[in-house]
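A.B. asks: The structure is given below, and queries will be raised subsequently.
The values are calculated or read from the model by the stated rules, or taken from the named source; none is laboratory data. This is a predicted model, so every value here is computed, not measured. Positions of Cβ are backbone-derived with ideal geometry, glycine not excepted, and every protein chain shown enters the neighbour counts. Keep in mind that these areas ignore ligands, DNA and RNA; they rest on the heavy atoms of the full protein, side chains included. Shrake-Rupley method; radii C 1.70, N 1.55, O 1.52, S 1.80 Å.
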Amino acid sequence: TVDPTVGNISNIATLYSNPMWDPGDPEGLGTGVLVNLVNGQTRRLPFQGPECVAGCFAKDRMGVIVTGEDRSDGSRPLYLIDLKTGVNRRLGGDTYSKGTAMMPCLSPDGKRCAANYSDPSGKLTDFQVLIFDLATGQAMPLGKPFEGGLPSWISDSRLIVTRRPDDKDRVRLAEVCSMDMNGTITLLFRGSSAKAIPQRKSIIFQNARDEW
């Protein structure tokens, strides 16, 4: 096959695809793919496992960070896939490669990524925000687990996360918060599904009227 890194790689996007799925069908098995936004060409990510969910590109766009399934132990850790060589590198070290790591987001400097981590021995609704060092592959926890997550970087030293408030009746809307590198969470406003756009110093989110 043609090397996906040849040509203008800024025209390449990565997403999750299940081409055999129709509305009403069970979810089925899909995988992460690369899509050329100019000519529409699609190719499977070279993940060396049964299924992966695309997350984000490395800074030079020569690699993709994905959540990959490991059927030997039931885990779904992060992998960094080299698009040129096809090499898959498992991230998280011995401590954080056995649970499920989801929704990786690259830091503006390209040296780290943040992700939600679900510990199989922990509370199902709680997630730990992890910071992965892409050079070493090691991960460190940021703050304590909480219900929410969806980390995205607003700067190299601050994340935007969405947190479910401590409200048993689920009356209050979720909270959009900032999180610093000490794990301190600060409420910004109420909303959900927040995503930081660091280039514009902006946040896109969903309000109580389901508006963006």
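A.B. asks: Since D180 meets every condition but one in (1) within 19 Å of the chain's Cα centre (by Cα); (2) open to solvent by 50 Å² or more (accessible area, probe 1.4 Å); (3) among the acidic types (D, E), which condition does it not meet?
C.D. replies: Only one criterion is unmet by D180, namely (2).
A.B. asks: Residues of region 183-198 being surrounded by 11 or more Cβ atoms within 10 Å (Cβ to Cβ) and either free of Cβ contacts under 8 Å to residues at least 40 places away in the same chain or touching a Cys at 6+ places or on another chain (Cβ under 9 Å) (or both), which ones?
C.D. replies: I185, L187, L188, F189, R190, G191, S192, A194, K195, A196, I197
So that you can scan it fast, the table gives a plain yes or no per residue for (1) closer than 22 Å to Y16 by Cα; (2) not in a strand (DSSP E or B):
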{"site": "A54", "(1), (2)": "yes, no"}
{"site": "R61", "(1), (2)": "yes, yes"}
{"site": "T67", "(1), (2)": "yes, no"}
{"site": "C105", "(1), (2)": "yes, no"}
{"site": "N116", "(1), (2)": "yes, no"}
{"site": "T125", "(1), (2)": "no, yes"}
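A.B. asks: Related question: For G24, all conditions in the list (1) modelled with pLDDT of 75 or more; (2) open to solvent by 30 Å² or more (accessible area, probe 1.4 Å); (3) farther than 15 Å from D82 by Cα hold save one; what is the number of the exception?
C.D. replies: (1)
A.B. asks: Only one of these conditions is not met by G149: (1) within 20 Å of K201 (Cα to Cα); (2) in contact with a Leu (Cβ under 7 Å, 6 or more places away or on another chain); (3) not charged (D, E, K, R). Which number is it?
C.D. replies: (2)
A.B. asks: Taking only region 69-82 into account, find how many residues are modelled with pLDDT of 90 or more, open to solvent by 30 Å² or more (accessible area, probe 1.4 Å) and outside any strand (DSSP E or B).
C.D. replies: 1
A.B. asks: Another question, if that's okay. For the structure I just gave you, tell me whether R89 is in a strand (DSSP E or B), among the charged types (D, E, K, R) and open to solvent by 10 Å² or more (accessible area, probe 1.4 Å).
C.D. replies: Considered against the rule, which asks whether it is in a strand (DSSP E or B), among the charged types (D, E, K, R) and open to solvent by 10 Å² or more (accessible area, probe 1.4 Å), R89 comes out as yes.
A.B. asks: Given the conditions (1) within 14 Å of the chain's Cα centre (by Cα); (2) at pLDDT 95 or above, report the number of the one that V53 does not fulfil.
C.D. replies: Just one mismatch for V53, condition (2).
A.B. asks: Take the residues in region 102-131 that are among the hydroxyl-bearing types (S, T, Y) and open to solvent by less than 30 Å² (accessible area, probe 1.4 Å); name whichever of them is farthest from D156 (Cα to Cα).
C.D. replies: This residue is S118.
A.B. asks: Give the residues of region 92-101 that are polar (S, T, N, Q) and either farther than 21 Å from D119 by Cα or open to solvent by less than 30 Å² (accessible area, probe 1.4 Å) (or both), sorted by residue number.
C.D. replies: S97
A.B. asks: Another question about this same structure. Take the residues in region 199-212 that are farther than 15 Å from L150 by Cβ and open to solvent by less than 80 Å² (accessible area, probe 1.4 Å); name whichever of them is nearest to the chain's Cα centre (by Cα).
C.D. replies: Going through region 199-212, the residues farther than 15 Å from L150 by Cβ turn out to be 199-202, 207-211.
Narrowing further to those that are open to solvent by less than 80 Å² (accessible area, probe 1.4 Å): 202, 207.
On the way: S202: 19, N207: 22 Å.
Among those residues, the one meeting the criterion is S202.
A.B. asks: Restricting to region 143-158, count the residues that are open to solvent by 40 Å² or more (accessible area, probe 1.4 Å) and in a strand (DSSP E or B).
C.D. replies: Residues meeting the conditions: 4.
A.B. asks: Name, by its number, the condition in (1) surrounded by fewer than 16 Cβ atoms within 10 Å (Cβ to Cβ); (2) not in a strand (DSSP E or B) that does not hold for M140.
C.D. replies: Here M140 meets the rest and fails (2).
A.B. asks: Something else now. Out of the residues in region 32-52 that are open to solvent by less than 20 Å² (accessible area, probe 1.4 Å) and part of a strand (DSSP E or B), state the one that is nearest to Q199 (Cα to Cα).
C.D. replies: Out of the qualifying residues, it is L34.
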